[in-house]
Amino acid sequence: LAITIDPVTGVVLHSNEKCTGCNAVPGKSGAEKQETSSCKVGCPAHINIQAYVSLAVKGRYQDALQLIKEASPFPSICGRVCPHPCESSCKRDQIDQPVAIHAVERFLADVDLNADKRYMPRIKDKREEKVAIVGSGPAGLSCAYYLAQEGYRVTIFEKAPVLGGMLTTGIPAYRLPREIVQAEIQLIRDMGVTMKTGIDVGKDKTIAQLRQEGFKTFFIAIGAQECRRLNVEGEDLKGVYSGLDYLRQVNLGKPVPLGKDVAVIGGGNVAMDAVRSARRLGSGNAFVLYRRGIEEMPSRPEEIEACREEGIPINTLTQPVRFISENGQVKAIQCIKTHLAEPDESGRRSPVPIPGSEFTVKVDAVINALGQEADWSCLTPECACTLTGWGTMKVDPLTLQSDDPDIFAGGDAARGPKSVIEAIADGRQAALSIDRFLNGQNLRLGRGVELKAITEPQKEKYDPAVRAQMPCLEPQARLKSFKEVELGLTKEAAVQEAQRCITCGSCCVQACPYDIMQFNQDVTKAVKCDLCVEKRGRNEIPACFAICPTRCIYWGDPREFEGKYKFL
Ligand SMILES: Cc1cc2nc3c(=O)[nH]c(=O)nc-3n(C[C@H](O)[C@H](O)[C@H](O)COP(=O)(O)OP(=O)(O)OC[C@H]3O[C@@H](n4cnc5c(N)ncnc54)[C@H](O)[C@@H]3O)c2cc1C
Ligand code: SF4
Ligand code: SF4
Ligand code: SF4
């Protein structure tokens, strides 16, 4: 990075060679820029996208990856499945289209995955305290990754026979190949985290027992692993499956045979994954029934487009009324057409059945993919945690601490069903809280500062440039296997795409509260206090240290700071 700390002397350095000047236009310096980049605000983990994208342009792939991993340990996963809210906020759209940030992120992560030696974060001195994490989905794994770096003895307890949560048992392999999830899990194992599968906390081991075994804090990351009921007549017939159970079976290599005509009810991720999996497993007429319109579908737009390419019908404005059986087996669905009411207070438009529009659809099987909820049997009576009216764990949104002080919770268990990157962000925040909790520090200090996104970036010197298109397997080739559909950008395409970024966030010149960073108009680069490098070259001391009468500015060997100063 342009500003770094010299590991030997502790001096903060500014590299003229690396500084891009944040693309300020001469005569219109970086100092006119105000806020942070909108992509960083849009990313739930607030990854420093502007910086990693510009490092990618320079071919500094590992530096870029390291920067991403400060905020998210799984760019290889998010580069594939993240709904990329960063791109919806990207200001490049004021010129043409948003930067394909997720595709650049995936490229950087794949370079690391294929490297002889993968990036491994530095692990601090070992700590004695033991931390238990319940659930090995992205929230639990991310928390383990950051706690392991602090030196804690971390154990993950996982109920399922496999690790990864929805990354392994929900999202199908054609979107997220299993070897990628396994490689990321292995890296966390290599960092010293213990992982135990087949342990259902609440049943096989209680929180009380774990406390007795010496675990000092807990991170509950159990996700939302159960499917909500449809409350439609005939829901318990043979041949009606829950979407999560169906995908779990498929992902564990034991798919349920469904027959040719399969109706998948819902419009979210689970519905799209279930219908595309059923199609790949031989159900030639697998289709979706959704009670609102295409625009209202909660699924990622890429998924809807993939269904279209794969010839999977999505029947919108259609609601199931009852399931019709023959000898206890579902045979048809009675449906009704709907229209959308005016938006309510939350802006959502409710489906309203149209009287007299009933019709029947023949089916061999039905998959209910309507909603998810958590199973709270892990909370045995010794836990003083409470749940919200939505059936999620009640936590302080800033610290993720529950009503029981040594128990923290995050991911889908605390938010309801959301996304991988939100779970990852929670895992990191929980790790920070747990570290402070175990050190007796203030959990809230310095947190919760709202990031403000720039609205009018400088864009004068940029010409339109076409956004990179993700190369994909041909639709016909996809339907025969679970091979990965999106193939990733080449190096040339990724760097070209990264060059489309107009680096529109504010830079060091505004960020420094002491006005130390200055902007050199001639070379459009930032210049920084270098603690009087020339004087030090002459064995003199920095001028500020020499002049300060109260010694509030200190200069010396960093080892002399130990014990005298404390990080807050
Ligand atoms: C089919 C599907 C597709 C999805 N697609 C996307 C997508 O494309 N992009 C995206 O961003 N998000 C997607 N999501 C959402 C995303 O997967 C979740 O938001 C995310 O996995 C939540 O992470 P988590 O760690 O909170 O929980 P989970 O991933 O659900 O992991 C929770 C883990 O806890 C374990 N557990 C539960 N109870 C216990 C217990 N008592 N003891 C021990 N272990 C326990 C579970 O077995 C599980 O392994 C999808 C979800 C589904 C279901
Ligand atoms: S202008 Fe400042 S923030 Fe931007 S690259 Fe240079 S040192 Fe970094
Ligand atoms: S994790 Fe998602 S939101 Fe964050 S930078 Fe990556 S693609 Fe964007
Ligand atoms: S142009 Fe670059 S810095 Fe600006 S919002 Fe888009 S990705 Fe972020």
Q. Restricting attention to segment 430-440, which residues are in contact (Cβ under 8 Å) with a residue 24 or more places away in the chain and open to solvent by 60 Å² or more (accessible area, probe 1.4 Å)?
A. LEU432, PHE437
(Q) Here is a list: ILE156, ILE180. Which entry is more than 16 Å from ligand 4 (Cβ to nearest atom), surrounded by fewer than 24 Cβ atoms within 10 Å (Cβ to Cβ) and aliphatic (A, V, I, L, M)? (A) ILE180
Q: Please note which strands (runs of 3 or more DSSP E) are completely contained in segment 297-355 and include at least 3 residues that are free of Cβ contacts under 8 Å to residues at least 40 places away in the same chain.
A: 318-326, 329-340
**Q.** Near pairs, Cβ below 6 angstrom, 6+ apart or cross-chain, from segment 371-382 (farther than 18 Å from GLU158 by Cα) to any residue that is more than 16 Å from ligand 3 (Cβ to nearest atom) and in a loop (DSSP other than H, G, I, E, B)
**A.** GLY371/ARG228; GLN372/ALA224; GLN372/PRO417
Q. What pairs come up if the first residue lies in segment 123-148 and is in contact (Cβ under 8 Å) with a residue 12 or more places away in the chain and more than 18 Å from ALA160 (Cα to Cα), the second is open to solvent by 10 Å² or more (accessible area, probe 1.4 Å) and of a type in the set (Asp, Glu), and their beta carbons are under 6 Å apart, counting only those six or more places apart or on different chains?
A. LYS124/GLU150
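Yes/no matrix, rows are residues, columns are (1) of a type in the set (Val, Ile, Thr); (2) outside any loop (DSSP other than H, G, I, E, B); (3) free of Cβ contacts under 8 Å to residues at least 24 places away in the same chain; (4) assigned by TED's automatic domain parsing to the domain that holds ASP364:
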site	(1), (2), (3), (4)
GLU179	no, yes, yes, no
LEU187	no, yes, no, no
LYS254	no, no, yes, yes
GLY259	no, no, no, yes
ALA263	no, yes, no, yes
Q) Here are some conditions: (1) within 25 Å of ARG415 (Cβ to Cβ); (2) part of a helix (DSSP H, G or I). ALA183 meets all but one. Which one does it not meet? A) (1)
Q) Inside segment 46-88, can you point out the residues that are open to solvent by 30 Å² or more (accessible area, probe 1.4 Å), in contact (Cβ under 8 Å) with a residue 24 or more places away in the chain and away from ligand 2 (no atom under 14 Å from the Cβ)? A) HIS46, GLY59, TYR61, GLN62, GLN66, PRO83, PRO85, SER88
Q: Inspect segment 488-499 for any residue being among the acidic types (Asp, Glu) and touching a helix residue (DSSP H, G or I) at 6+ places or on another chain (Cβ under 8 Å) and give the result as yes or no.
A: yes
(Q) Among the residues of segment 270-293, what is the count of those that are in contact with a Lys or Arg (Cβ under 8 Å, 6 or more places away or on another chain), surrounded by fewer than 24 Cβ atoms within 10 Å (Cβ to Cβ) and part of a helix (DSSP H, G or I)? (A) 1
Q: Find the residue count for segment 305-320, including only residues that are modelled with pLDDT of 95 or more and either touching a His at 6+ places or on another chain (Cβ under 7 Å) or aliphatic (A, V, I, L, M) (or both).
A: 3
Q. Looking at segment 326-342, which of its residues are at pLDDT 95 or above and either open to solvent by 50 Å² or more (accessible area, probe 1.4 Å) or in contact with a Leu (Cβ under 7 Å, 6 or more places away or on another chain) (or both)?
A. GLN329, VAL330, LYS331, CYS335, LYS337, THR338, HIS339
Q: Tell me, please, whether a residue that is among the β-branched types (Val, Ile, Thr) and either farther than 18 Å from TYR146 by Cβ or open to solvent by 30 Å² or more (accessible area, probe 1.4 Å) (or both) can be found in segment 391-411.
A: yes
Q) Within the bounds of segment 466-475, is there any residue that is within 24 Å of CYS86 (Cβ to Cβ), loosely packed, with under 12 Cβ neighbours inside 10 Å and either within 16 Å of ligand 4 (Cβ to nearest atom) or in the same structural domain as VAL154 (by TED's automatic domain parsing) (or both)? A) yes
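The values are calculated or read from the model by the stated rules, or taken from the named source; none is laboratory data. Model, not experiment: these values are computed from the prediction. As a convention, Cβ positions derive from the backbone with ideal geometry for all residues, glycine included, and neighbour counts pool all protein chains shown. With ligands, DNA and RNA removed, areas are computed over all heavy atoms of the protein, side chains included. Shrake-Rupley method; radii C 1.70, N 1.55, O 1.52, S 1.80 Å.
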